[in-house]
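S.K.: Can you keep this structure in mind? I'll have questions shortly.
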Amino acid sequence: MSEVKSYAVIGLGGFGSSVARTLSQEGMEVMVIDIHKDKINALAPEVTYALQLDVTNEMAMKNIGLEHMDAVIIAIGENLEVSVMATIICKEIGVPLVIAKAETTLHKTILDKVGADQVILPEKESGYRLAKNLVGNFMDYFSLSGRLSIVEMPVEKEWVGKSLRELKLRSTYRINIISIQNEDGGDPDSFPNPDQLIREGDIIIAAGRPQDIESLR
């Protein structure tokens with residue numbers, strides 16, 4: 001079971017709602033914020049806290065404890081001004097990780113310049129995938145179907161110096177290692193030899209059923 005963390009999701013469109021639901025389903029504490037009461041009411045039963053709030057109101061934003069969250073996801077893409085203001089306020093408050101959604105490359109550039117730690121372009125990143133990456137020790141997570149997922153992740157410390165055969169990842173976790181890449185950035189070893197030793201800094205790409213991928217956390 002992963003450590004319980006706290007997240008706030010600002011903006012409850014399709015992307016924001018997907019992030020919030022997935023984080024909540026993973027057992028995280030989730031606060032959702034939107035100016036529209038109907039969106040708040042729709043998601044309130046599924047999350048920890050639900051607030052109807054104008055996120056451009058700096059005083060109001062400073063009074064809800066966002067600085068204590070592990071991350072704030074700003075999922076307002078259609079209103080550039082509100083998105084930028086919310087990002088600036090969150091950084092000024094001291095939120096440790098601000099992830100913002102952008103609709104265009106220009107929007108992304110502006111969000112980068114005002115201090116967003118990570119900017120998501122929705123056509124390249126689903127809310128579900130983002131939430132999985134936040135919750136797990138994953139660098140990237142792809143759900144290809146209900147029966148198969150692919151994950152990119154750093155190797156565990158206790159794996160270093162051991163071979164894939166010794167680790168028995170397939171029999172223990174029921175996953176298949178597709179590729180191993182070292183931090184030196186060289187060409188990855190696709191479908192590596194089972195006697196290959198895991199090195200510090202290695203990145204693995206593994207495939208398996210979603211429930212088996214979860215056990216890698």
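The values are calculated or read from the model by the stated rules, or taken from the named source; none is laboratory data. Model, not experiment: these values are computed from the prediction. Every residue, glycine among them, receives a Cβ derived from its backbone with ideal geometry; neighbour counts consider all protein chains shown. The protein model used for the area step is the full one, side chains on, heavy atoms only, and it has no ligands, DNA or RNA in it. Shrake-Rupley method; radii C 1.70, N 1.55, O 1.52, S 1.80 Å.
S.K.: Which residues, counting only those in the stretch 73-83, are under 17 Å from Lys39 (Cβ atoms) and crowded, with 16+ Cβ neighbours inside 10 Å?
M.R.: Ile73, Ile74, Ala75, Ile76, Gly77, Val82, Ser83, listed by residue number.
S.K.: What are the residue pairs meeting all of these: first residue in the stretch 156-171, first residue within 17 Å of Ile205 (Cα to Cα), second residue aromatic (Phe, Trp, Tyr), Cβ atoms under 7 Å, and 6 or more apart or on different chains?
M.R.: Going by the 7 Å Cβ cut-off, the qualifying pairs are Leu167/Trp159.
S.K.: Could you check the stretch 66-83 and list, in sequence order, the residues that are in contact with a Ser or Thr (Cβ under 9 Å, 6 or more places away or on another chain) and in a loop (DSSP other than H, G, I, E, B)?
M.R.: If the condition is that a residue be in contact with a Ser or Thr (Cβ under 9 Å, 6 or more places away or on another chain) and in a loop (DSSP other than H, G, I, E, B), then Met69, Asp70, Ala75, Ile76, Gly77 are the ones that fit.
S.K.: Which condition number in (1) under 17 Å from the mean Cα position of the chain (by Cα); (2) crowded, with 20+ Cβ neighbours inside 10 Å; (3) among the small types (Gly, Ala, Ser); (4) outside any strand (DSSP E or B) is the one that Ala86 fails?
M.R.: Going through the list (1) under 17 Å from the mean Cα position of the chain (by Cα); (2) crowded, with 20+ Cβ neighbours inside 10 Å; (3) among the small types (Gly, Ala, Ser); (4) outside any strand (DSSP E or B), Ala86 breaks only (1).
S.K.: Select from the stretch 50-62 the residues that are of a type in the set (A, V, I, L, M, F, W, C) and in a loop (DSSP other than H, G, I, E, B) and write down the one among them that is surrounded by the most Cβ atoms within 10 Å (Cβ to Cβ).
M.R.: In this case the residue turns out to be Val55.
S.K.: Looking at this structure, is Val47 open to solvent by less than 10 Å² (accessible area, probe 1.4 Å) and within 22 Å of the chain's Cα centre (by Cα)?
M.R.: It is false that Val47 is open to solvent by less than 10 Å² (accessible area, probe 1.4 Å) and within 22 Å of the chain's Cα centre (by Cα).
S.K.: Next question. Those residues that are modelled with pLDDT under 85, under 19 Å from Met28 (Cα atoms) and of a type in the set (Val, Ile, Thr), I need them from the stretch 94-143; list them, please.
M.R.: The answer is Val135, and nothing else.
S.K.: Let me ask something else. Within the stretch 89-102, which residues are open to solvent by less than 50 Å² (accessible area, probe 1.4 Å) and either assigned to a helix (DSSP H, G or I) or charged (D, E, K, R) (or both)?
M.R.: Ile89, Cys90, Ile93, Lys101
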